[in-house]
Amino acid sequence: MKVLVLGGGVIGTTTAYYLAKQGVEVTVVERQHNVAEETSFGNAGQISPGYSTPWAAPGIPLKAAKWLLEKHAPFAVRPDGSLWQLQWAMQMFANCNADRYSINKERMMRVAEYSRDCLQQLRKDTNISYEHRERGTLQLFRKQAQMDVVGRDIEVLKECGVDYQLLNRDELPTIEPALIHAKDKLVGGLRLPNDETGDCNIFTKSLAKIAEGLGVKFLFNTTIADIEHQNNAITGIITADGERLVADNYVLAFGSYSRPFAEKLQLKLPVYPVKGYSLTVPIIDESLAPVSTVLDETFKIAITRFDNRIRVGGMAELSGFNTDLPVARRETLQMVSQELFGGGDFANARFWTGLRPMTPDGTPIIGESRFANLYINTGHGTLGWTMACGSGQLIADIITHTPTQISLEGLSAARYN
Ligand SMILES: Cc1cc2nc3c(=O)[nH]c(=O)nc-3n(C[C@H](O)[C@H](O)[C@H](O)COP(=O)(O)OP(=O)(O)OC[C@H]3O[C@@H](n4cnc5c(N)ncnc54)[C@H](O)[C@@H]3O)c2cc1C
């Protein structure tokens, strides 16, 4: 069986790997010169099933309205000139109630927990290394009001069987020693000891090499311009150079660009490009650097330790496909990072932006489409790195008619019909 995987981000690459492991002949088609050059390039590095929560939560519409007025706010909206932006926001707000939240959270956690298990197995199988650490994640609270409502999150963690530790201000440095210098700004934290961290870009590039060893072909610098179909089946794709490529099955993994591409087939995928930013900072003083990931709840900014670098990532902007790099965003990332960990060489930091492929319900779209041989693997939003291995394994199982290890309920695009 031949499969064309459209897109070489972390999602397309894991899909290719798991398909190849099952004996499928796979080609990945990618417009960049390598895998993981777009959204999978510079994310915040958290493998965080424990924080697999939809952004669409009760209370978010009110919070979003307040954030629109703040200078260092985690959320911003700039009209992108499309009606679609408004429709997507309305769909997201429609998910901001307790019932939808718990349905969406269960689906996200199901994929994320499974994905972490798949990643752990992949590490055993391949010895892949990507500056990863298994030292948990720590959510930091600056205000007592944040600590006061954490009980709600803890209830959910208990229900889902996720281990946690609630820490007071004085206990924070036992987990993150450098926080001794920032203690006065903090009131406490919630630690999820089973979360992991690692560089998604290094992982994806290493996995692509491993996949090549299993026979996967990568067609780089190849933009897919069109897709052909007949009688509810895909018959081929056309590259920007006019070349026609054919296979038995196709997997759409274009991240944020999946929606405009799917429109060519009149398929509606509610995936909006939610812009985020990161700063990658060389470490100059280890004693002032984090040892794992901390998540500053006030600014919704994650700070992750790689070997000799710190990755500071966050913010969510609804501003279409624009990828400019405003100085004010960099300043916010730097300010938060320096307040907590002063050990970075900020003059030599690399500022980056990426477009999270976000669904209004937070759950990715994994599964079949109404075209018999087209499968969708996209919409992983804030958690594509966390969910990548599980999503790749699921699509591979679906295509090869292998029973999946978790339920597929609510994961395909059919849930929007
Ligand atoms: C600031 C920030 C922080 C984040 N932090 C985390 C985190 O800590 N943990 C976590 O789990 N997730 C995180 N994420 C989310 C995660 O990075 C994404 O969900 C994930 O990278 C999406 O992967 P993807 O493969 O779907 O998309 P992409 O990586 O964008 O891959 C899609 C690929 O398709 C290709 N493509 C598109 N159109 C075409 C075409 N026409 N022809 C050929 N190729 C095409 C693109 O070049 C691209 O390589 C973060 C994201 C951001 C922006």
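Assorted remarks:
- Summarising the amide proton neighbourhood of VAL187: residues at separation of 5 or more, or on other chains, whose placed amide H is nearer than 5 Å comprise PHE141, ARG142, LYS143.
- Partnerless cysteines, meaning none of the other Cys C-beta atoms lie under 4.7 Å away, in the chain: CYS96, CYS160, CYS200
- Once the Cα gyration tensor of segment 217-308 is diagonalised, semi-axes √(5λ) in Å: 41, 17, 11
- All distinct Cα pairs of segment 346-397 go into the 1/r average, and the inverse of that average, the Kirkwood radius, is 12.7 Å.
- Using a Förster distance of 35 Å, the FRET efficiency for VAL246-TYR416 (Cβ separation, nearest 0.05): 0.75
- Amide proton proximity set for THR235, modelled H, under 5 Å, gap of 5+: GLU228, HIS229, GLN230
- Cα-based reach from LYS217 at 20 Å (exclusive), listing lysines while leaving out same-chain residues under 8 positions away: LYS2, LYS21, LYS205, LYS209
- HN-Hα J in Hz across segment 310-325 - Karplus 6.51, -1.76, 1.60, θ = phi - 60°, x for Gly and Pro: 10, 10, 10, x, x, 6, 9, 10, 9, 9, x, 8, 6, 10, 6, 10
- Per residue, segment 176-278 exposes 41 Å² of accessible surface when a 1.4 Å probe is rolled over the protein heavy atoms with every protein chain present.
- For segment 133-279, radius of gyration divided by Kirkwood radius, i.e. Rg to Rh on alpha-carbons: 1.15
- Here ALA225 and ASP148 are evaluated by their C-beta separation; at R0 = 41 Å the FRET efficiency comes out at 0.15.
- Rg over Rh [alpha-carbon atoms, Kirkwood Rh] for the chain: 0.95
- Rounded percent of accessible protein surface that carbon and sulfur make up, the chain, 1.4 Å probe: 50 percent
- A protection proxy built from the mean count of other Cβ atoms within 10 Å ranks the segments 133-142, 12-21, 79-88, most packed first, as 12-21, 133-142, 79-88.
The values are calculated or read from the model by the stated rules, or taken from the named source; none is laboratory data. Values in this document were obtained by computation on a predicted structure and should not be read as measured data. No Cβ is skipped: glycine too gets one built from the backbone with ideal geometry, and neighbour counts run over all protein chains shown. When the accessible area is computed, the model is the full protein with side chains, heavy atoms only, and any ligands, DNA or RNA have been set aside. Shrake-Rupley method; radii C 1.70, N 1.55, O 1.52, S 1.80 Å.
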